[in-house]
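Let me begin by presenting the structure, written as structure tokens, before commenting on it.
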Amino acid sequence: MIIDENDTAKPFIGECAFCGQGLLRVWIISEKLAVLCDQCELYWSDISAVANDPMVPATGTLDTSPLAEPHRAATSEEIADANLTHFISGYSV
Ligand SMILES: [Zn+2]
């Protein structure tokens, strides 16, 4: 597989099995790495579990209100540092 990473493409782990529309990406939620669906906002604390089985129950739904816990997408460097690169299945905007 050819991975073409550029300034706008962001890594994803796979497709969300619950909403069927979103992509599962690595985020940092309250300082901890997690997997987050970019459509339905389900998240998983156990990254390897959801990477291996997309049907594993989610940890919860991310609170995106202004008062929510801080959250942002993890950078490629952070994903590499956490030894999660092998879970990345592709890149998209
Ligand atoms: Zn979803």
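Values quoted throughout were computed directly from the atomic coordinates according to the rules given, and no laboratory measurement underlies them. Just so it is clear, the model here is predicted, and its values are computed rather than measured. Because the Cβ atoms are built from the backbone with ideal geometry, glycine has one as well, and the counts that use them run over all protein chains shown.
Starting from 0.36 nm per residue, how many nanometres of slack lie between Cys19 and Ser89 once their C-alpha separation is accounted for?
Working: separation 70, 0.36 × 70 = 25.20 nm, distance 1.85 nm.
Difference between extended and current length: 23.3 nm.
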Using the per-residue mean of other Cβ atoms lying within 10 Å as a proxy for protection, in what order, highest first, do the peptides 19-26, 73-80, 61-68 fall?
19-26, 73-80, 61-68
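Rounded, prolate or oblate: pick one for the range 17-63, where a ≥ b ≥ c are the square roots of the eigenvalues of its C-alpha gyration tensor, a/c under 1.5 means rounded, and failing that, prolate if a/b is larger than b/c, else oblate. Don't jump to the answer; show the numbers that get you there.
Values: a/c = 1.70, a/b = 1.20, b/c = 1.42.
Oblate is the answer for the range 17-63, as a/c is 1.5 or above yet b/c matches or exceeds a/b.
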For Trp27, enumerate residues with amide H under 5 Å from its amide H, sequence gap 5+ or separate chain, H modeled in the peptide plane.
Ala34, Val35, Leu36, Ala74
Amide proton proximity set for Lys10, modelled H, under 5 Å, gap of 5+:
Ser92, Val93
Hz values of 3J(HN,Hα) by residue in the range 45-59 - Karplus curve (6.51, -1.76, 1.60), Gly and Pro given as x
6, 8, 5, 5, 4, 6, 5, 7, 9, x, 8, 5, x, 6, 6
What residue among Ser76, Ile28, Thr59 has its Cα farthest toward the positive end of the dipole of the chain, where the charges are +1 on Lys, Arg and -1 on Asp, Glu, each on the Cβ?
Thr59
Treating every alpha carbon of the chain as one equal point scatterer without solvent, the Debye formula yields log10 I(q)/I(0) values at q = 0.20, 0.25 Å⁻¹ of -0.95, -1.44
